[in-house]
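Input: a single structure, listed below in structure tokens.
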Amino acid sequence: MPDIVTLTVNPTIDKSTSVDSVASEVKMRCAMPTFDPGGGGLNVSRAIKKLGGTSTAIYTAGGGTGAMLTTLLQQEAINTLPIAIADRTRENLTVYEESTGLQYRFGMPGPNVTESEWQGCLDAVLAAEADYIVASGSLAPRMPQDFYMQLAERVKPTKSHLIVDTSNEALEACARAGVFLLKPNLRELEILSGQKFSSEDRLIEITQDLIKSGMTEVFVISMGASGALFITADEAVKMRPPVVPIRSKVGAGDSMVGGIVWALAEGHSLHDAVRYGIAAGSAAVMTRGTELCRKDDVFNIYDRIAIVD
Ligand SMILES: Nc1ncnc2c1ncn2[C@@H]1O[C@H](COP(=O)(O)OP(=O)(O)OP(=O)(O)O)[C@@H](O)[C@H]1O
Ligand SMILES: [Mg+2]
């Protein structure tokens, strides 16, 4: 029985390149591209790996790009459990413009994932009987918006702990069913609760009401450079990371979730797991491009996180 499985229903191959300047109508000569696996759950699995842990990544994969995605994950020694789909796995493109330092990010919508294919994802996740299940990222275009709710309903009667990191309708749906841990950022929490927060005290009050209504047992509300609020029915703790050099914010949220679930699977308390999560998120902003957190940075930052009263 694996400790952790991650689920990514709309993964991507992130293709990155650079060019002197982006211009229309001319053929732009780009640098040799690099290819990385992308999508919430896959990044969580990669962050766990960076921390020295293991997880099994369950994800949809189709066509040549799907096969390539599996190869890329295996090159990083991630345990893979691809769910075959008839359509092709998407590729996203990031172009760095050298003359300006600007980054252009082109995101594709993703393949058609049929009902039997997404049901196959749910079956595979449940069959794994993992201690922790992390569902993260967007849904593929025609998948039902309540997909994460269906997942939550099926996980509920089991011993698994479900952690979800997504936004908008997909987040609202799974919160309706009830999960173990949600990690919205402030904007996602405002949309979920339908409220703007006039103060941090008010935020805590509203969030604890949501917990009492059964949405989730734990909220980790991430707040960028300010760190995060860790909230349960009877506890609210704010933790702030030290100031770190910012190179690329890509993957901060996924590294945070990776840090939390890795620490929980290692047997750390919820409080310490959130602290590891914040450290992993901050470590991710210190690395360039799509690179996630480095283990040394995570441990270093972990020791320097302040508990704010
Ligand atoms: N500028 C920063 N400086 C230090 N740490 C940061 C910064 N931005 C993010 N982090 C760390 O990463 C964690 C998650 O970041 P954030 O709140 O931006 O999540 P997010 O909005 O879900 O990100 P993403 O866009 O990756 O989904 C924060 O709690 C913090 O620990
Ligand atoms: Mg996020």
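The values are calculated or read from the model by the stated rules, or taken from the named source; none is laboratory data. Note that the coordinates shown come from a computational prediction; the quantities given were computed from them, not determined experimentally. Methodologically, a virtual Cβ is constructed for each residue, glycine included, from the backbone with ideal geometry; neighbour enumeration extends over all protein chains shown.
Apart from one condition, Asn10 fits all of (1) surrounded by fewer than 23 Cβ atoms within 10 Å (Cβ to Cβ); (2) part of a loop (DSSP other than H, G, I, E, B); the exception is (1).
In the stretch 292-309, how many residues are in contact with a Ser or Thr (Cβ under 7 Å, 6 or more places away or on another chain) and surrounded by fewer than 18 Cβ atoms within 10 Å (Cβ to Cβ)? Even if it seems obvious, please write down each step before you answer.
Restricting attention to the stretch 292-309, the residues satisfying the condition of being in contact with a Ser or Thr (Cβ under 7 Å, 6 or more places away or on another chain) are 292-294, 301.
From the residues that got through so far, the ones that are surrounded by fewer than 18 Cβ atoms within 10 Å (Cβ to Cβ) too are 294.
So the answer is 1.
For the stretch 94-106, the set of residues classified as under 17 Å from Asn43 (Cβ atoms) and touching a residue at least 60 places away in the same chain (Cβ under 8 Å) consists of Thr94 only.
Conditions tested, residue by residue: (1) in contact with a His (Cβ under 9 Å, 6 or more places away or on another chain); (2) under 20 Å from Glu291 (Cβ atoms); (3) among the acidic types (Asp, Glu); (4) surrounded by fewer than 13 Cβ atoms within 10 Å (Cβ to Cβ).
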{"position": "Ser21", "(1), (2), (3), (4)": "no, no, no, yes"}
{"position": "Gly38", "(1), (2), (3), (4)": "no, yes, no, no"}
{"position": "Gly41", "(1), (2), (3), (4)": "no, yes, no, no"}
{"position": "Arg46", "(1), (2), (3), (4)": "no, yes, no, no"}
{"position": "Lys50", "(1), (2), (3), (4)": "no, yes, no, no"}
{"position": "Ala57", "(1), (2), (3), (4)": "no, yes, no, no"}
{"position": "Pro82", "(1), (2), (3), (4)": "no, no, no, no"}
{"position": "Asp87", "(1), (2), (3), (4)": "no, no, yes, no"}
{"position": "Glu97", "(1), (2), (3), (4)": "no, yes, yes, no"}
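Being under 25 Å from Leu181 (Cβ atoms) and among the acidic types (Asp, Glu) is true of Asp131.
Identify, please: which residue in the stretch 164-193 is among the acidic types (Asp, Glu) and not in a strand (DSSP E or B) and is, among those, nearest to the chain's Cα centre (by Cα)? The qualifying residue nearest to the chain's Cα centre (by Cα) is Glu188. Considering the stretch 216-227, the residues that are under 24 Å from Leu151 (Cβ atoms) and buried (at least 22 other Cβ atoms within 10 Å of the Cβ) include one that is farthest from ligand 1 (Cβ to nearest atom), namely Thr216. Scanning the stretch 254-291 for residues that are surrounded by fewer than 24 Cβ atoms within 10 Å (Cβ to Cβ) and within 16 Å of ligand 2 (Cβ to nearest atom) yields Val285, Thr290.
Among Arg187, Arg202, which is within 16 Å of ligand 1 (Cβ to nearest atom), within 26 Å of Ala306 (Cα to Cα), of a type in the set (Lys, Arg) and loosely packed, with under 15 Cβ neighbours inside 10 Å?
Working: Arg202 fails: within 16 Å of ligand 1 (Cβ to nearest atom).
The conditions single out Arg187.
State which residue pairs qualify: first residue farther than 22 Å from Ala175 by Cα and at pLDDT 95 or above and inside the stretch 220-238, second residue within 7 Å of ligand 1 (Cβ to nearest atom) and of a type outside the set (A, V, I, L, M) in any location, beta carbons under 6 Å apart, and separation of 6 or more residues or different chains. Final answer for the pair search is Gly227/Pro241. Can you confirm whether Gly63 is small (Gly, Ala, Ser), surrounded by fewer than 22 Cβ atoms within 10 Å (Cβ to Cβ) and at pLDDT 95 or above? Spelling it out, Gly63 is indeed small (Gly, Ala, Ser), surrounded by fewer than 22 Cβ atoms within 10 Å (Cβ to Cβ) and at pLDDT 95 or above. The residue pairs whose first member lies in the stretch 156-183 and is among the polar types (S, T, N, Q), whose second member is within 16 Å of ligand 1 (Cβ to nearest atom), and whose beta carbons are closer than 6 Å, counting only pairs six or more residues apart or on different chains, are Ser167/Glu188.
Go through the stretch 150-184 residue by residue and tally those that are more than 14 Å from ligand 1 (Cβ to nearest atom) and of a type outside the set (Val, Ile, Thr). Walk me through how you get there before you give the answer.
Our first condition is that a residue be more than 14 Å from ligand 1 (Cβ to nearest atom); within the stretch 150-184, this holds for 150-162, 169, 172-180.
Applying the additional criterion that residues be of a type outside the set (Val, Ile, Thr) yields 150-154, 156-157, 159-162, 169, 172-178, 180.
Number satisfying all stated conditions: 20.
Taken across the stretch 290-302, residues that are in contact (Cβ under 8 Å) with a residue 40 or more places away in the chain, in contact with a helix residue (DSSP H, G or I) (Cβ under 8 Å, 6 or more places away or on another chain) and among the aromatic types (Phe, Trp, Tyr) do not occur at all.
Of all residues in the stretch 279-302, which are touching a strand residue (DSSP E or B) at 6+ places or on another chain (Cβ under 9 Å) and either among the basic types (Lys, Arg) or assigned to a helix (DSSP H, G or I) (or both)?
Of the stretch 279-302, the ones touching a strand residue (DSSP E or B) at 6+ places or on another chain (Cβ under 9 Å) are 281, 289-291.
Scanning the stretch 279-302 gives a single hit, Gly281.
Taking the stretch 113-163 on its own, how many of its residues are closer than 25 Å to Ala265 by Cα and not in a helix (DSSP H, G or I)? Here the count works out to 18.
Filtering the stretch 228-250 to residues that are basic (Lys, Arg), more than 16 Å from ligand 2 (Cβ to nearest atom) and surrounded by fewer than 17 Cβ atoms within 10 Å (Cβ to Cβ) leaves only Arg247.
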